[in-house]
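See structure below.
Read-outs throughout are calculated quantities, based only on the coordinates presented, and are distinct from any laboratory measurement. Treat the numbers as computed from the prediction; the structure is a model and nothing was measured. When we count neighbours, we look across all protein chains shown, and the Cβ atoms used for this are built from the backbone with ideal geometry, even at glycine.
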């Protein structure tokens, strides 16, 4: 819980914030490898996954607060290979469901790790109701995330394969989400 403990280190945190605060881009993308959104494991909130931003809640709040205070335009976090798919609304204070959404995070599943069939759905599924910031979850399918951007919207399609055991497996869009220019937070369509 020490706010001085970081997942990035001080120099990388400052580099990230300097780039975001000084950006003139329409879409500000933070691409990284571990989940930024909160994932409470139990109702008491006493367990933390330390191989993610949950292990560094002080730094996460500080980074998201800076993004909010600096009014960084359209921040979107892309997180890779969590072996499950999540879509999060990111907030400075995850304990306050009505707190403003600062950014959106799309967490992509693995393309083939752990093979076919349910893997993490039974593990993470019971946690989802404890986390109102989670807007979507699937822990049973393998695939990838496809993002399409233009001036008005960011569209993310969750693309899943029917099996990982065949290179010619069917691919389907399981769900699609949009973030509108100037409106933090995800919408499904």
query: Could you list, in sequence order, the residues of region 105-143 that are without any contact (Cβ under 8 Å) to a residue 40 or more places away in the chain and touching a helix residue (DSSP H, G or I) at 6+ places or on another chain (Cβ under 6 Å)?
result: 140
query: So how many residues does region 126-156 have that are outside any loop (DSSP other than H, G, I, E, B) and out of contact with any strand residue (DSSP E or B) (no Cβ under 7 Å at 6 or more places or on another chain)?
result: 5
field: Within region 176-189, considering residues that are in contact (Cβ under 8 Å) with a residue 40 or more places away in the chain and part of a strand (DSSP E or B), the one surrounded by the fewest Cβ atoms within 10 Å (Cβ to Cβ)
entry: 188
task: Answer with yes or no whether residue 5 is within 26 Å of residue 160 (Cα to Cα), assigned to a loop (DSSP other than H, G, I, E, B) and touching a helix residue (DSSP H, G or I) at 6+ places or on another chain (Cβ under 8 Å).
output: no
- prompt: Pick from 68, 43, 31, 25: which is assigned to a strand (DSSP E or B) and either under 27 Å from residue 148 (Cα atoms) or touching a residue at least 40 places away in the same chain (Cβ under 8 Å) (or both)?
  reply: 31
